[in-house]
Amino acid sequence: MPAGAEVDVVVIGGGATGAGVLRDLAMRGLSATLVERGDFASGTSGRYHGLLHSGARYVESDPISARHCIEENAVLRRIAPGTIEPTGGYFVATPDDPDDYLDRFPAACAKAGIETEPVPLDELFRAEPLLSREIRAAYRVPDAALEPWELVDGTLNSAREHGATAHRYRAVIGFERDADGSVAAVMTRDTRTGEEETIACRAVVSAAGAWAGQIAELAGARLTMSPGKGSMLIFNRRFSTAVINRLAPPGDGDILVPVHTVCILGTTDITGEDPDDAVVTEEEISALLADGERLVPGISGARVLRAYAGSRPLYDADEVSGAASHDESREISRAHHVIDHGARDGVGGLWSIVGGKLTTYRLMARDVTDAVAAALGNDAPCRTADEPLPEPAGHSPYWLGDRLAAIEAEGGGDADLVCECELVTRQRLADALDRRADSSLDDLRRTTRLGMGPCQGAFCMPRAAAMLDARRADGRLHPAAPDANVALRSFAAERLRGTRPIAWGDQLTELFLTAGIFRGTLGTDALPEHTGGDDAAS
Amino acid sequence: MTFHDAAARDFPAFSTDACIKCNVCNTVCPVSRVTDEFPGPKYVGPQAQRFRGPGEGSDAPDHSVDLCSGCGICTRACPAGVLIAETNNRARAGIVEERGSSLRNRLISDTDLLIRLGTPVAPLANIGLKNRLARWFGEKTLGVHRRGPLAPFSRRTFRAWWKREKRPTALEAGSDPSRTVVYFHGCAVNGFEPDLGRDAVEILERNGLTVIVPPQECCGLPFISNGLYPRAREKARRNLESLAQYARAGYRIVGTSTSCTHALKAEYREMLDLADDDATAVADATWDICELLVDLHDRGELDTGFAPIAESIPYHPPCQLKSHGIGLPAMDLFALVPGLRAVDSDHDCCGAAGTYGLKAERWQIAQDVGAPLFAKVRAAKAAGASRAACDSETCRWQIEQSSGVPTVHPVSILAESYRRADEAASEPRRRLV
Ligand SMILES: Cc1cc2nc3c(=O)[nH]c(=O)nc-3n(C[C@H](O)[C@H](O)[C@H](O)COP(=O)(O)OP(=O)(O)OC[C@H]3O[C@@H](n4cnc5c(N)ncnc54)[C@H](O)[C@@H]3O)c2cc1C
């Protein structure tokens, strides 16, 4: 390691890809640290559709992606079974879907190595009674539901076991570069305290997803991203037991994914949006519901809990292909791409990894780590597909009934629930706080599902805020953790962000009740910024 | 029709979507009020429902839902229209489907079978029911609580009497739908309380109605309550087969058990998913007897020649009656009897909830639920009441057993008043015996 360097590699971005890179680097014996500007998996990885792709969706439009997906699908089932609910998936042909696509589909899947099986319609409707009776053909594929927060958490924990470190709420604000233009250090700022820190390093991997263009720019390199906004709707309950895909070229509301207690309908695809400004519009909601009707008639009348959007980390294919000399295929894939900014822009020591899927995060990490390790003279093999991730708590694979069964096993009725909708016990929340004492309520939500059910936090937010306050009183809360009043207000604002676009019907009634509790009973509008009198004064 | 109605119809268990978590159901639940074992209707209903589904192990991983007595008070109280008790019952049926049911539950649900076995040996069986040792044995081996309210078998069933009397079991030529009713007697009248059936027929005939009793079986409610849906559907289908023709032709079906009539009106469709035209026709044609008598009175067709009964009687409107959404017709009828003062028990549930209060492991809960009611009934007796009144059989048996005060159906009091009037008129009508 050159003098002054603190680590071999700094990884930028704490989504699935960044976590995967950190793990791979660490397992190859390189010292590495990761910085993420928000919470881990709070970017696209925490705002995606929830599907462990079989690849069948891309067999025609993007065969490379399809192949990557099916291969990684098998790998993840092996190394991270606790983050996967093996729901299986169906591709179903509605009357609006083209006949020729239906005819070509099985062969295209076979070519990509994806196993399909035709499903008799009576069997389909028995398994999925809410599906439209107009569906005229169905194939079974190895899709599944993939839990992103547990996956990222497990990947980071594995990286830590191999000696790496990861820091959240630490944003990259600039780079120090050597005379030859190569990066020498990464400048970061703590987004909560404002404290700045420079990390000297030999190499940098930008795994900043849709934000990778911004990172490249900070380093004086060039990378044009064209982030694709995708909006999704979360329904109050599952409408299907398996993932349901339309048997047609990829379109808007054509996939329904059962995820924990809910199901998610998505997605739209709108290019050129600022990744930080992913607002769900009325038009998108109407389009999603109209398409959803073709799969589940009546779905547009069902209860929607919230709408949210993510930003696809898509790159400008023309720009990248120009520099992609090592790309074997002439066909430009929407699959991932490794960019060596030293070779391309004269910014040595910086690599970007863009594109891809959450499903292929490990493969993406492997490819960029191969490039970085080679440049640093490390020839250790990649072992990330062989070694399983540390197990998350609970069942493996994950199972919908898990929490209910656990509470029953503990004696049922006496469970001390903080979040009643998602069955988050006081103990579960306390454990999460013990692990990460600097968490905001929204951070706790990601790993516990606090506030993710029908009431969207109306009842659990005050309870959880009270827990934070009690911990602060007995000195068990991290100084960077938000004050309970602030935590309560910001969590309420965050929950409202997702319910506002779908404020009709049941969820509107719920919102009024929530407003009554917060503004009326609790008077949250009048809460002081700080709960503690002494602190407020100082 | 609101969306919720549509959702409830199309996706029956999906009415839980309307839950806003407000807790009103928890504040009215009589079971969670007396035991910590039951986490309450919100928890086992709309909350747990989101965690039930196909998956590893069991579709319904919880068992606390089995503590729901099914009284239905939560459903009535829910401001959002969630079918809470119905959701719970379906969940229980899911558990039974997966894990099977106890012999006890299968046995106490099968009232038709019990009556077939018990009636021929009624004197002996009734000794058994009263015998402490036998009941102790029944608790140990079967799990039927030794003090659970069980009514004695009648020596002869209502149906046997009807047959012996050669009374009509089908329409006669020239029947008029406005002057003829179909009597759904239910198992209680058939096997345990045939006198109530005779009282009912007496009153209906006195008011100019011809009563026919076509073939029928247990309504299936005990099977429904115990989650034994396939058995309940068998019963329901046979009843619908027999009754639908009358319903379609405009005849009313009248019952003396608010539980059976509610099964015909609601449960067949809401729980058993029997939503065809037959089920709808029967549901629309079904009346509770007091509801029907009040209707006659509203039209000026009820014989109001009631003789005075100078007594203050505690009246308990059962949960099932309240689920009908027809008010308290018995109170309206009591008001027609000179001197009679009926006092609404103003208590939600007696605890029996069909077979719930019989079960060894539920008996104490059922007693605790009904305790304030029993105290009120006892106090009324101390103040001079000779009996209490209640429209549902298992509730009557529970109140009688736990308070020690004889408890009768409202129409039995009306029948008595009519008879006294006849006696006073010195030309007594023939009493049906
Ligand atoms: C609508 C939608 C649906 C999708 N559905 C699926 C699906 O069903 N299955 C599937 O496999 N894939 C799906 N994808 C794709 C998948 O979600 C993404 O490819 C994947 O999550 C990208 O992960 P990442 O780690 O590369 O990016 P991210 O998760 O976005 O991580 C990048 C991180 O960088 C951080 N960052 C940004 N700037 C800075 C800075 N200055 N300093 C420090 N950190 C910074 C961000 O905060 C962010 O956390 C979907 C994508 C979208 C948009």
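The values are calculated or read from the model by the stated rules, or taken from the named source; none is laboratory data. Nothing here was measured: the structure is a model prediction, and the numbers come from that model. Note that each Cβ is placed from the backbone with ideal geometry, even for glycine, and that neighbours are counted across all protein chains shown. All accessible areas refer to the heavy atoms of the entire protein, side chains included, with ligands and DNA or RNA removed. Shrake-Rupley method; radii C 1.70, N 1.55, O 1.52, S 1.80 Å.
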- Query: Is there any pair with a first residue in segment B:380-397 that is in a loop (DSSP other than H, G, I, E, B) and a second that is of a type in the set (A, V, I, L, M) whose Cβ atoms are under 6 Å apart and which are 6 or more apart or on different chains, and what are they?
  - Reply: B:385/B:313; B:387/B:408; B:391/B:321
- Message: Filter segment A:275-294 down to the residues that are within 12 Å of the ligand (Cβ to nearest atom) and in a loop (DSSP other than H, G, I, E, B) and list them by number.
- Response: A:275, A:276, A:278, A:280
- Query: Residue check: is residue A:274 surrounded by fewer than 21 Cβ atoms within 10 Å (Cβ to Cβ), within 23 Å of the chain's Cα centre (by Cα) and without any contact (Cβ under 8 Å) to a residue 60 or more places away in the chain?
  - Reply: yes
- Task: Scan segment A:14-26 for residues that are outside any loop (DSSP other than H, G, I, E, B) and either under 24 Å from residue A:143 (Cα atoms) or within 7 Å of the ligand (Cβ to nearest atom) (or both) and jot them down.
- Result: A:16, A:17, A:18, A:19, A:20
- Query: Where residues in segment A:166-200 are of a type in the set (Ser, Thr, Tyr) and open to solvent by less than 40 Å² (accessible area, probe 1.4 Å), which of them is farthest from the ligand (Cβ to nearest atom)?
  - Reply: A:182
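Residues are listed down the side, and each one gets a yes or a no for (1) of a type outside the set (Gly, Ala, Ser); (2) under 30 Å from residue B:183 (Cβ atoms); (3) under 21 Å from the mean Cα position of the chain (by Cα):
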| position | (1), (2), (3) |
| --- | --- |
| B:122 | no, yes, no |
| B:126 | yes, yes, no |
| B:133 | yes, no, no |
| B:138 | no, no, no |
| B:141 | yes, no, no |
| B:145 | yes, no, yes |
| B:152 | yes, yes, yes |
| B:155 | yes, yes, no |
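Yes/no matrix, rows are residues, columns are (1) at pLDDT 95 or above; (2) within 14 Å of chain B (Cβ to nearest Cβ); (3) over 20 Å from residue A:235 (Cα atoms):
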{"position": "A:375", "(1), (2), (3)": "yes, no, yes"}
{"position": "A:393", "(1), (2), (3)": "no, no, yes"}
{"position": "A:407", "(1), (2), (3)": "no, yes, yes"}
{"position": "A:417", "(1), (2), (3)": "no, yes, yes"}
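Residue-wise test of (1) more than 30 Å from residue B:205 (Cα to Cα); (2) outside the structural domain of residue B:350 (by TED's automatic domain parsing); (3) not basic (Lys, Arg).
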{"position": "B:138", "(1), (2), (3)": "yes, yes, yes"}
{"position": "B:150", "(1), (2), (3)": "yes, yes, yes"}
{"position": "B:154", "(1), (2), (3)": "no, yes, yes"}
{"position": "B:159", "(1), (2), (3)": "no, yes, no"}
- Do we have residue B:100 as more than 14 Å from every other protein chain (Cβ to nearest Cβ) and more than 23 Å from the chain's Cα centre (by Cα) here? yes
- Note on the structure: Among residues of segment A:343-362 being over 20 Å from residue A:32 (Cα atoms) and within 16 Å of the ligand (Cβ to nearest atom), the residue farthest from the other protein chains (Cβ to nearest Cβ) is A:355
- Mind checking which helices (runs of 4 or more DSSP H) fall wholly inside segment A:437-502 and carry at least 3 residues that are open to solvent by 30 Å² or more (accessible area, probe 1.4 Å)? A:460-473, A:484-499
- Could you identify the single residue in A:249, A:297 that is in a loop (DSSP other than H, G, I, E, B), more than 12 Å from the ligand (Cβ to nearest atom) and either among the polar types (S, T, N, Q) or within 14 Å of chain B (Cβ to nearest Cβ) (or both)? A:297
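Residues checked against (1) of a type outside the set (S, T, N, Q); (2) within 14 Å of the ligand (Cβ to nearest atom); (3) touching a helix residue (DSSP H, G or I) at 6+ places or on another chain (Cβ under 7 Å):
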residue: A:6; (1), (2), (3): yes, no, no
residue: A:12; (1), (2), (3): yes, yes, yes
residue: A:28; (1), (2), (3): yes, no, yes
residue: A:40; (1), (2), (3): yes, yes, yes
residue: A:61; (1), (2), (3): no, no, no
residue: A:85; (1), (2), (3): yes, yes, no
- Task: Kindly indicate whether any position in segment A:424-431 is within 14 Å of another protein chain (Cβ to nearest Cβ) and free of Cβ contacts under 8 Å to residues at least 60 places away in the same chain.
- Result: yes
- Would you check if there is a residue in segment A:310-331 being modelled with pLDDT of 95 or more and assigned by TED's automatic domain parsing to the domain that holds residue A:203? no
- Options A:430, A:464, A:365: the member that is modelled with pLDDT of 90 or more, under 27 Å from the mean Cα position of the chain (by Cα), of a type in the set (Gly, Ala, Ser) and within 16 Å of the ligand (Cβ to nearest atom): A:365
- Query: Looking only at residues in segment A:150-165 that are open to solvent by less than 30 Å² (accessible area, probe 1.4 Å) and in contact with a Ser or Thr (Cβ under 7 Å, 6 or more places away or on another chain), which one is nearest to the ligand (Cβ to nearest atom)?
  - Reply: A:152
- Query: Has segment A:225-241 got any residue that is farther than 26 Å from residue A:148 by Cα and either of a type in the set (Ser, Thr, Tyr) or away from the ligand (no atom under 12 Å from the Cβ) (or both)?
  - Reply: no
- Message: With the structure loaded, tell me whether residue B:300 is in a loop (DSSP other than H, G, I, E, B), surrounded by fewer than 21 Cβ atoms within 10 Å (Cβ to Cβ) and touching a residue at least 12 places away in the same chain (Cβ under 8 Å) or whether it fails that test.
- Response: no
- Can you find a residue in segment A:63-81 that is open to solvent by 10 Å² or more (accessible area, probe 1.4 Å), within 14 Å of chain B (Cβ to nearest Cβ) and either touching a residue at least 60 places away in the same chain (Cβ under 8 Å) or within 14 Å of the ligand (Cβ to nearest atom) (or both)? yes
- Note: among B:353, B:366, just one is within 28 Å of residue B:268 (Cα to Cα) and in a loop (DSSP other than H, G, I, E, B), namely B:353
- Item | Per-region count, segment A:201-242, residues under 22 Å from residue A:38 (Cα atoms), of a type in the set (D, E, K, R) and surrounded by fewer than 23 Cβ atoms within 10 Å (Cβ to Cβ) | 1
- Message: Suppose we keep only residues that are out of contact with any Ser or Thr (no Cβ under 6 Å at 6 or more places or on another chain) and hydrophobic (A, V, I, L, M, F, W, C) within segment B:16-43. Which one would you say is farthest from the other protein chains (Cβ to nearest Cβ)?
- Response: B:28
